[in-house]
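The values are calculated or read from the model by the stated rules, or taken from the named source; none is laboratory data. What you see is a predicted model, and the numbers here were worked out from it, not measured in a lab. Virtual Cβ from ideal backbone geometry, glycine too; neighbours counted across all protein chains shown.
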Amino acid sequence: MNVPMEQGILLAAILFCLGLTGLLVHRNIIYMLMSVEVMLNAAGLAFIVAGSAWGEADGQVMFIFILAMAAAEVSVGLALIIQMFKKFRSVDINKASTMNG
């Protein structure tokens, strides 16, 4: 099935905007990390759609790099969440403002 490039890019843009909205609205760090994941997947979708429209595998290669970066972001993010929860007994990002020092 061949999806037109405009529709794929529009879907990627909608997903990116939803992720950005979630990042700006939520103060819970777990929701913020999930929003960043949605934004990364939207960028990966844009690469795949563009690569498919141009008949090249470059988009899929870039998506593999995005997946590797997302895995690293999740591991570092979860380590930060664990440390933050040990110190503050909460995952609210506003409580982390006292960590500067």
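Quick notes on this structure:
- Considering A50, A43, A79, A12, the condition of being more than 15 Å from the chain's Cα centre (by Cα), modelled with pLDDT of 90 or more and surrounded by 13 or more Cβ atoms within 10 Å (Cβ to Cβ) is satisfied by A50 alone.
- Among the residues here, M69 qualifies as exposed (fewer than 15 other Cβ atoms within 10 Å of the Cβ) and either under 10 Å from the mean Cα position of the chain (by Cα) or within 30 Å of L80 (Cβ to Cβ) (or both).
- Hits in the range 12-28 (condition: out of contact with any helix residue (DSSP H, G or I) (no Cβ under 7 Å at 6 or more places or on another chain) and either under 17 Å from N41 (Cβ atoms) or among the basic types (K, R) (or both)): A13, I14, C17, T21
- Tally of residues being without any contact (Cβ under 8 Å) to a residue 40 or more places away in the chain, closer than 25 Å to F85 by Cα and polar (S, T, N, Q) across the range 1-49: 2
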